[in-house]
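Report on the structure given below.
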Amino acid sequence: MASDELDKVELPALEQLQSLGWSYVEGAKLSPDESNERSSLKDVVLEKRLTDSLKRINPWINDENLRKVVRELTKTLYPNLVEANQAIWTQINQCISVMQDLGKGNRGQTVHIIDFEHPENNEFLCTNQFKVSGVNQNIIPDILCFVNGLPLAVIECKSPYITNPMEAGIDQLLRYANRRTPENDEGAEKLFHYNSMMVSTHRDKARVGTITSRMEHYLEWKDPYPLTVEQVGAGEASQDVLLAGLFSKTNFLDVLQNFTVFEPVDGRIIKKIPRYQQFRAVHKTIERLKEGQTPKDKSGVIWHTQGSGKSLTMVFLTIKMRRDPELRDYKLVFLTDRTQLDSQLTSTFSKAQGETVHHADSVKSLKELLSSDASDIITAMVQKFQESADEFEFPVLNESEKIIVLADEAHRTQYGALGAAINTALPNAPRIAFTGTPLIKSQKTTSTFGSYIDTYTIEEAVKDGATVQILYEGREAMLRVTGDSLDNLFDEYFADYSDDEKAAIKKKYAVNRAVLEAPQRIRRVSMDILKHYREHIQPNGFKAMIVTSSRNAAVLYKEALDKLEAPQSAVIISGDHNDEKRFWDYTDGSKQKKQIEDFKKPLGTGDGQSDLSILIVKDMLLTGFDAPIAQVMYLDRKLTDHTLLQAIARVNRTNKNKFRGYIVDYFGLSDYLTEALEMFSNEDVAGALVDLKDEIPALKNAHTRVLGHFNGLDLDDLDACILALEDEVKRQSFQTDFQIFAKQMDIILPDPSATPFIRDLRRLGKISIGARNLYRDEQLDIAGAGEKVRELIEEHVYSTGIDPKIPPVDLLAGNYEEVLNQHKSPRAKASEIENAIKHHIKINIEDDPEYYKNLSKRLEDIIRKYGNKWTELVQMLLNFRDNIETDHQQQAVDLGLSPTELAFYNIFVSELGGKDALGGSTESQVKEVVQSLVQMLDEATQIVGFFSKWDEKKRVKRDIKRKVIENFDESLVAPITERFMDLAETKFK
């Protein structure tokens, strides 16, 4: 596997990086032993290269200031990784100021760390197997990319033939950056103080993230803009496209400078870099603004489906324009109805650009800001002007062509008056519209904004994993309010009322509203919602939204759910000054803010969690509300066109183990679904809603594929099925197919259509757990299949007397033979012992490498000798097992060495050429040297932090060299020194 990783992934990546202009130096040649590039394995910056680059980019700088800048970039301490990363990114982008006299007196001078204007003036270096010392252990990333000596990118390569190579690569990156379990200090955090991007690749797929990205946030880079996939010649290799798109010198520096933001999210700082469609859209917009001859030529629409980061694209575009010499002096006018975007712009520009964002909070202030010739940023929050539509008779306020209007969701009706007024006020301003829903067929929006600049469709986002597929499920006809049954439903729900009372209700509410708000119906729907939520959604830890036809219905749903002792819910509705008292508790803004924050938290009662499970809304939160924890929307009102697409997108955000979003329809949307979306072209809304029934063929295909691994076998014959997975590649192929099947089951369960597959799911799950235990293969893991599926499998395994959470019994445990005898066939027993011994060797080999290597050879000899004679093989392996520990102890006693000394002794003998080379007095000589060196190493490593102190390690290496040369040939010095130091780290750290 290691050779596949190197030959098929790592070496091709290094070759491509060199073709993109990165020079290459082997990692070993950048080590303290082999070069003056760094003085210790703890050093992650190549200081000499940094110094040379700073001098080249800033030729005026004196030596004192040069040392000061290098020190500032390499020696400063930060409280945590994210703060360090943000601070260093800020230094790189905003430069460092030093006091120096350049002929006009001592004054502040700007030192550029990277020459962003001239990419070729920087040094781009890639290396592999670059060892870095962490707090508790060394790490060796596969590929590191340095710009001017700073380690800005890490690429982790995995063989395309292992199980879940992408997840394994990302998990390793998280470990390296100490982001997996920070309290364990298992990585080398300092390396990531400088990091711009982290890449996990197995050639066929490559994904990129940042230091704060969780596994689900790593995404492919599918467009090598400005090149095409055809120009890259990538074929199916995602790695080639990602490297071409992100690691060309120009694009790499562009992402670092213009497409990186640090955003506060739920009390944490999240570092974000662009997705490929965001990067492409920004560049295409800049191109149109520069090349267009008239305001209309320069205008256009960016349609990126909801959940794909549209608001961040607006932020990136603004940053890019502010750094472009031709566009930096433009006035930018943002029309938005989202406070989130407004605050994003304000935060980004005050921190990154040092620029103030002006908020127009009245018609008067808007007119004043638009009239000004200042090249500032203005935001106008649409809802602040809705009650003043009669004031929107703007004169021409500014005829400058150096103004750009950027409108968020410009198709919404509330933009009508304000949008038209600004068009009149700014006649020569290009208009860029951003939308999360496509243009309607009649292209009403294009008359103002022009044609598409860039599109990113619903299907593309789902395929990329940027959003999850939304499944549609219509509920029973008796609960719907569409079709011919409306009058019948009214008569049913109001049967106890007199004819006069019924007539009065119809007159006041109309039949439709009366039925939708009928308490009896709401109770029935609530019971169905509760059943669906508890069976489909709650087990996996996700939450729900209920969309009602009126504010009154929202309150009725809350009351009904509370009576049914449902999980905690909250009503989020707008208020009115004429509201009855029953609405007051649900329209309190500060209370709503707290409830929305709680809803976004993970489900639970611990710190940072909340058991608020259901939000009940009418119109609020149907647009711009981003809560990845929401998996299902229960729809009980009529929604069409943009409103429908915007509402259902509340459940399309990605989250760990969230394989789909769900729309459960109680209104009867399916009766007019085509009509609801008919204003859009078919290709634009393809995949917007997929019927749950459409998932059944995918389940059947996955089922057939996973069963193919056991053709001719009975799934109840556990030993036979597990032995069929003896080959590691076959095991990995099975696990991949089983996970696909399990995820598809989780999507559909507990729908009855999944019932025929449950028995096989349980049996296959037991095979997976059994194979994991037999082969000690941690990659065989059912944890990622979803809680519903995991519970089904584990319940089945428990019922057979096995606890799936208990790891396989240790080879040397007292009850090992008792457990062994649970296997029925001699072949299965032989396989169990063989794999248990291999596992024992694997986890102990670092303790005495030569002894356990010898054990491994002896094991292979026994297996080869007895072949298929399973009964004899079992006995021989048991004898072998019984002697593992006693042989080791006896060897130490015979030589008069401690177990620790024996491990070093075995290494020395191996480097001499084996036991046959021990003639005459050589054995006693080796023992004397080893005992002396072990004592010296034991004493030296008592120094606190010894393995992080390069000078101390250098002294010890010198002592080892001296001792070896005194007694043996000098050729032994290098291997003995390296191996003794490595073993000392295992034995004495």
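Read-outs throughout are calculated quantities, based only on the coordinates presented, and are distinct from any laboratory measurement. Quantities reported herein were computed from a predicted structural model and do not represent experimental measurements. Quick reminder, even Gly has a Cβ in these numbers, built from the backbone with ideal geometry, and neighbours come from all protein chains shown.
I need the P(r) histogram for the range 899-988: all alpha carbon pairs, bin width 10 Å from 0 out to the longest distance, whole percents.
With a bin width of 10 Å, the distribution comes to 16, 54, 25, 4, 0.
As a footprinting exposure proxy, order Val282, Val69 by other Cβ within 10 Å, with the fewest listed first. Each step should come with its number before you reach the end.
Details: Val282 27, Val69 21.
Starting with the residue having the fewest Cβ neighbours, the order is Val69, Val282.
Okay, helix-only estimate at 222 nm for the chain: each DSSP H run of n ≥ 4 adds -39500 (n - 2.57), divide by all residues, round to 500 deg cm²/dmol; what do you get?
-14000 deg cm²/dmol, from helical runs alone.
Taking H as built 1.01 Å from N, whose amide H comes closer than 5 Å to the amide H of His304, not counting residues under 5 places away?
Under 5 Å from the amide H of His304 lie the amide H atoms of Thr435, Tyr456, each far enough along the sequence or on another chain.
Round to the nearest 10 and give me the degree value, 0 to 90, for the angle of helix 276-291's Cα axis relative to the longest principal axis of the chain.
60 degrees
How do Glu834, Glu15 rank when sorted from fewest to most other Cβ atoms within 10 Å of their own Cβ?
Glu15, Glu834
Using the Kirkwood radius over C-alpha pairs as Rh, can you work out the diffusion coefficient of the chain via Stokes-Einstein at 37 °C, viscosity 0.692 mPa s, in µm² per second?
On the way: Rh = 32.9 Å.
In µm²/s, the coefficient is 100.
On the first, second and third principal axes, largest extent first, how far apart are the outermost C-alpha atoms of the range 816-895 in Å?
Extents along the principal axes, in whole Å: 41, 26, 21.
Per residue, how big is the convex hull around the C-alpha atoms of the range 618-756? Give it to me in cubic angstrom, could you? Intermediate results must be reported in sequence, preceding the final value.
Working: hull volume 20.6 nm³, N = 139.
Here the figure is 148 Å³ per residue.
Could you list Tyr634, Tyr225 in order of exposure, starting from the residue whose Cβ has the fewest other Cβ atoms within 10 Å?
So the residues, fewest neighbours to most, are Tyr225, Tyr634.
Cα axis of helix 310-323 to longest principal axis of the chain: angle in degrees, 0 to 90, nearest 10?
Once rounded, the angle reads 80 degrees.
For Lys766, which lysines qualify as cross-link partners when the Cα separation must be under 22 Å and same-chain residues fewer than eight apart are set aside?
Lys700, Lys730, Lys743, Lys788, Lys805, Lys824, Lys829
Using the basic label-point model (7 angstrom from Cα toward the beta carbon), what is the Gln568 to Asp528 distance in nanometres?
Calculated label separation equals 2.9 nm.
Report the Cα centroid-to-centroid distance between the range 879-926 and the range 228-291 in angstrom, as an integer.
57 Å
So between Ser23 and Arg71, what do we pick up on full extension, going 0.36 nm a residue minus the alpha carbon distance? Intermediate values should be presented prior to the final figure.
Working: separation 48, 0.36 × 48 = 17.28 nm, distance 2.54 nm.
Value of the extension gain: 14.7 nm.
Give the value in nm², to one decimal: projected area of the alpha carbon convex hull of the range 868-952, averaged over all directions.
Working: hull surface 36.0 nm².
Dividing the Cα hull surface by four gives the mean projection, 9.0 nm².
Could you compute the net charge surrounding Asp717? Neighbours are other residues with a C-beta less than 11 Å from the C-beta of Asp717; K and R count +1, D and E count -1.
It works out to a net charge of -1.
Evaluate the distance, in nm, between pseudo-label points positioned 7 Å from the Cα of Val729 and of Glu778 along their respective Cα→Cβ axes.
The modelled label-to-label distance comes out at 2.5 nm.
Quick one: Karplus J couplings for the range 641-649, per residue in order, coefficients 6.51, -1.76, 1.60, θ = phi - 60°, nearest Hz, x for Gly and Pro?
Karplus values, whole Hz, x for Gly and Pro: 6, 4, 4, 5, 4, 5, 5, 5, 5.
Give, as a single signed number, the net charge of other residues whose beta carbon lies under 12 Å from the beta carbon of Tyr851, with Lys and Arg counted +1 and Asp and Glu -1.
-3
Over the range 696-799, how many percent of alpha carbon pairs lie in each 10 Å bin up to the one with the longest distance?
Reading the bins upward from 0: 16, 54, 28, 2.
Determine the gain in length on full extension of the stretch Lys463-Gln231; use 0.36 nm per residue of separation and subtract their C-alpha separation, reporting nm with one decimal.
Length difference between fully extended and current span is 81.3 nm.
Taking the Cα centre of each part, how many Å lie between the range 758-836 and the range 630-646?
Between the Cα centre of the range 758-836 and that of the range 630-646, the gap is 44 Å.
Taking the DSSP beta bridges in the chain as the whole, what percent of them are antiparallel, to the nearest 5?
Numbers: 28 of 87 bridges.
For the chain, the DSSP antiparallel bridge percentage is about 30.
Does anyone have the angle between helix 47-57 and the longest principal axis of the chain? Alpha-carbon axes, 0 to 90°, nearest 10?
40 degrees
What nm distance separates the two modelled labels at Asn138 and Asn883, each placed 7 Å from Cα along Cα→Cβ?
Using points 7 Å along Cα→Cβ, the separation is 3.6 nm.
Going down the table (Lys296/Lys320; Lys271/Lys298; Lys558/Lys638; Lys838/Lys927), which pairs top 28 Å between alpha carbons?
Violating the 28 Å Cα-Cα cut-off are Lys271/Lys298; Lys838/Lys927.
Could you tell me the calculated FRET efficiency between Lys104 and Lys55, based on Cβ-Cβ distance and R0 = 25 angstrom, to the nearest 0.05?
0.70
Tyr798 to Arg864: extension gain in nm, 0.36 nm per residue of separation minus the Cα-Cα distance?
20.1 nm
Return, for the Cα atoms of the range 216-308, the radius of gyration and Dmax in Å, separated by a comma.
Rg and Dmax of the range 216-308, Cα atoms, are 15.3, 45 Å.
Which lysines have a Cα less than 27 Å from the Cα of Lys949, not counting those fewer than 8 places away in the same chain?
Cross-link targets: Lys29, Lys42, Lys48, Lys68, Lys75, Lys131, Lys190, Lys957, Lys961, Lys963, Lys987, Lys989.
Taking H placed 1.01 Å from N in the peptide plane, check which residues at least 5 places from Ser681 or on another chain put their amide H under 5 Å from its amide H.
Placed amide hydrogens put Lys441 under 5 Å from Ser681.
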